[in-house]
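What follows is a set of notes on a single structure, which appears directly below.
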Amino acid sequence: MQNTGVSRRALLGGGVIATGTIGGIVAATRFSELKIFSSLASSRDETVVWSGVASNPENGYIFKRPPFDGGGFITDFTWSADGRDLLCCTDVFNGYVRRAGEDRWTPLLETKNLPHSEFDPPPKSVYNGRGLYAARFAPSDKRLIYAVWRGRVYRVFRGQALPTSLIDKTMLANNGASRRFGGALAVHPTDSGVVVVGTNGDGAYATRDGFASAPVMLDLPQTAIEQGNVRGKTLFAFAPDGGLYAHVFGTGLFFYPTGPFGPVRFLGGPLNSTGLKLMPSGDLFTVHYRFGSAGKETPTQTAMRGIWRLRGGDWTHLRPGEWVDQVAVDPSDEQRMLSTDEDSQKWFSSQDGGETWRDIGDEYRGDGEVAWMSNRKKAMYPSKIDFHPLIPGRLVISDGIGLTWANYNFERAGDLTVHDMTRGIYEFVPTCGWARAGQPDLLLGCMDKAVWRVDPKCGLSGEWTYAPKDGKRNESAVTHLRSIDGAIDDPRFVAGLFHQSGGVPGYSEDFAASWIPFGRKPDGSAWLPGGCIAVSNRDTMLLAEGNKGGLWRTRDGGVNWLPVGFGGVTHVRSLVNAFYVARKCIAADKERPGTFAVLMNTFDQPGGGPNLGGLWVTADGGATFEQVFDGALHSPGQRNFEPSQFWQCRLEYVPGRAGELLYASETEARDSETLLWSRDGGRSWRSLSAYRIASWAFGKGKGDGPDARPAIWFYGFHDGVRGLYVTYDWFATAPKLVSRFPLESISTVGRGLCLVGDMNRAGRCAIGLGGASWAICEPS
């Protein structure tokens, strides 16, 4: 497809879209006025290049990235029309661009290229998730990108982003199987104002002016419910002449011969699609993805599995009934094809247009841009495979931890050797972490790749590890860290709660280099996922299971476990409602071995048991407890109990101060709770300051003197200013505002338990950036 020139009006449209401020510059009110941003662009292709590595000094601090790129789920990718630039979407945070000649990806959306009103705070919408639902270059001008974020469509021109008229639609970036289905947005090949967007059940829309004015809703059927219990997408592909294909999940394929504003006819075909691949010959390929797990499909749906080709109005079903997730067709020789399943367990190739297939085995990761991905076997979970438009035989794959490429020779059998091209993509979801005085490294936890051992100067001391079922390291699985804590008597002993494929609770004797699984519960049942763990000495621990499981104790380092009871209940349960909540409701006093505090915000026990609401403390490792506080902990002026307090909280003992506790929680009146402090073992509490805690996030760090209390890092707000704060003198003076948006990221800062202060150097802290991985803050 050629890069065809168009008029300025066709390129930029003419309607009013928005006003706002971007980086101190008043934003244009018409697309035609976007030319004012040309002075901000670099000379190369007039694009803006973002660093994303280290920020300029801000309030006396700088932010750097730890050395583990990747993570998250790359849900889709696409090339510019000239095949030189690449654009990708993710399920948990943002999207990324990689221009020709650049050695790393840069975020598509940041604080410096969005109007302030779009991120501080982000506007309420039907869907406020942080992943990028869809994005496409305009084929006629690659400086222009359309992107869908938080339920609204943006125009990103020369790096600067403005919202359009299409807002508040259900477009779910990280929900259900449809996050694997690419192509919900398409741009006309020669007229960049003509754009179509499909939603998760909110209709499909077309515009002639880049959504400057209200779009037209296409007369297409409602999409069906897919396996994530949400409605699937409508996917699109423009033909070179402007004809438009539209696949409606659950119904099939439609065709607009003259484009989205003309007549339409139904072409049938498979009921769902992972994406539409329109080839130079005019053939269209798609894959019918499963509707659900085994036994949940109808026989008709199962029979439709496989690859489908539309040629001359007729459908051909290739590999019928087989579990195929993605297909790639070589544009230089459409007889040559590759396919794989959802887990990339098997790859198949064909040299006769899909009539016959050969099993070519599995993939192996060779050398790449990111060391931890290179030269080893790791599962991929591909979301899209496609051949490069300029390099013959070059396959590009987006998957669960990044993007990769491979040169494939159809004449030679054997495994597929892939090479990652993921530098600059930061998509891990931080969960929790651990730091201790005398141990120089930080342990930073994530979804998917559990525990990273990081030199806080941004070196990597150890790659990610976790505790698999067989006690051996398995680099290929997906495992989440939910809670981690260290021992008083052994600086190298830590314990963690893991879950998903292979992950079970366990402990490490070498500061997270390797893990040993805990013994099973007394009845032999498996541990429930998620929860919270607290460690006293290495033999004595408390463990609260997620998903409303029980509270357990051990006195032999995790080999044997006993149920914990108090308040007339023989086995206390339901401290942590769900596996995915950030609820740190048990804590170990590191100054008094065997002493733990347990917070009950659930009140009634399952089955109508007694009210246990309050704070309970044990001095003998969990054998006996005393209730030291009755009722819910809350800031002055708040109601005694709100149901949302049950979801997220953080309870911590103060390092170096026996019996002192800190607590923050979530309430229905978001961002209204202060940080609470108890000096008498939890019997009485008071607010430390008027600063409000947002996202129940605070972390301890090294103070500024040998006898000083720890520094407290927190994400919150004061006098209407939201940001990351730190106090080195226990709130004696006003906390210092460190940054409002570290690394200019639009992600939520410090959500959950994701602030980990360095206990060895004052002024340094690891910051969890929501879905955008970790950052290290330190004095500049």
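The values are calculated or read from the model by the stated rules, or taken from the named source; none is laboratory data. The structure displayed is predicted, hence computed values, not measured ones. Here the Cβ positions follow ideal geometry from the backbone for every residue, glycine too, while neighbour counts run over all protein chains shown. What goes into the accessible areas is simple: the full protein's heavy atoms, side chains included, and nothing from ligands, DNA or RNA. Shrake-Rupley method; radii C 1.70, N 1.55, O 1.52, S 1.80 Å.
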request  = Among the candidates 161, 173, single out the residue that is buried (at least 24 other Cβ atoms within 10 Å of the Cβ), hydrophobic (A, V, I, L, M, F, W, C) and closer than 26 Å to residue 748 by Cβ.
outcome  = 173
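Matching residues to (1) of a type outside the set (Lys, Arg); (2) crowded, with 16+ Cβ neighbours inside 10 Å; (3) at pLDDT 95 or above; (4) touching a Phe, Trp or Tyr at 6+ places or on another chain (Cβ under 6 Å):
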| residue | (1), (2), (3), (4) |
| --- | --- |
| 482 | no, yes, no, no |
| 489 | yes, no, yes, no |
| 496 | yes, yes, yes, no |
| 501 | yes, no, no, no |
| 527 | yes, yes, no, no |
task = Being of a type in the set (Lys, Arg) and modelled with pLDDT under 90 is the filter here, so list the residues in the stretch 366-401 that pass it.
result = 376, 377, 378
request  = Keeping to the stretch 604-639, report how many residues are in a loop (DSSP other than H, G, I, E, B), of a type in the set (A, V, I, L, M, F, W, C) and either surrounded by fewer than 16 Cβ atoms within 10 Å (Cβ to Cβ) or modelled with pLDDT of 95 or more (or both).
outcome  = 3
task = Go through the stretch 377-401 and give me each residue that's closer than 27 Å to residue 93 by Cβ, in a strand (DSSP E or B) and open to solvent by 10 Å² or more (accessible area, probe 1.4 Å).
result = 384, 386
task = Residue by residue through the stretch 224-256, note down the ones that are polar (S, T, N, Q) and modelled with pLDDT under 95.
result = 227, 229
ask   = How many residues are out of contact with any Ser or Thr (no Cβ under 7 Å at 6 or more places or on another chain), surrounded by fewer than 23 Cβ atoms within 10 Å (Cβ to Cβ) and of a type outside the set (A, V, I, L, M) if we restrict to the stretch 759-773?
value = 3
key: Residue count for the stretch 141-156, restricted to those that are at negative phi and open to solvent by 10 Å² or more (accessible area, probe 1.4 Å)   = 4
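Those residues that are open to solvent by 50 Å² or more (accessible area, probe 1.4 Å) and either part of a loop (DSSP other than H, G, I, E, B) or polar (S, T, N, Q) (or both), I need them from the stretch 353-376; list them, please.
Scanning the stretch 353-376 gives 355, 356, 357, 367, 369, 375.
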inquiry  = Among the residues of the stretch 402-419, what is the count of those that are open to solvent by 10 Å² or more (accessible area, probe 1.4 Å) and either part of a strand (DSSP E or B) or in contact (Cβ under 8 Å) with a residue 40 or more places away in the chain (or both)?
reply    = 8
ask   = In the stretch 709-742, what residues are over 22 Å from residue 64 (Cβ atoms) and among the hydroxyl-bearing types (Ser, Thr, Tyr)?
value = 727, 733
note = Residue pairs within 6 Å by beta carbon, gap of at least six or interchain, first lying in the stretch 96-112 and of a type in the set (A, V, I, L, M) and part of a loop (DSSP other than H, G, I, E, B), second modelled with pLDDT of 95 or more and open to solvent by 20 Å² or more (accessible area, probe 1.4 Å), listed first then second, are 100/84
ask   = Do we have any residue at all in the stretch 284-291 that's closer than 23 Å to residue 386 by Cα, touching a Phe, Trp or Tyr at 6+ places or on another chain (Cβ under 8 Å), buried (at least 17 other Cβ atoms within 10 Å of the Cβ) and touching a residue at least 60 places away in the same chain (Cβ under 8 Å)?
value = yes
Residues located in the stretch 246-259, provided they are open to solvent by 10 Å² or more (accessible area, probe 1.4 Å) and assigned to a loop (DSSP other than H, G, I, E, B) = 250, 251, 257, 258
key: Boolean, residue 511 is open to solvent by less than 50 Å² (accessible area, probe 1.4 Å), touching a residue at least 60 places away in the same chain (Cβ under 8 Å), more than 13 Å from residue 586 (Cβ to Cβ) and among the aromatic types (Phe, Trp, Tyr)   = yes
ask   = Which of the residues belonging to the stretch 723-780 are within 29 Å of residue 425 (Cβ to Cβ) and of a type in the set (D, E, K, R)?
value = 740, 744, 751, 758, 761, 764, 778
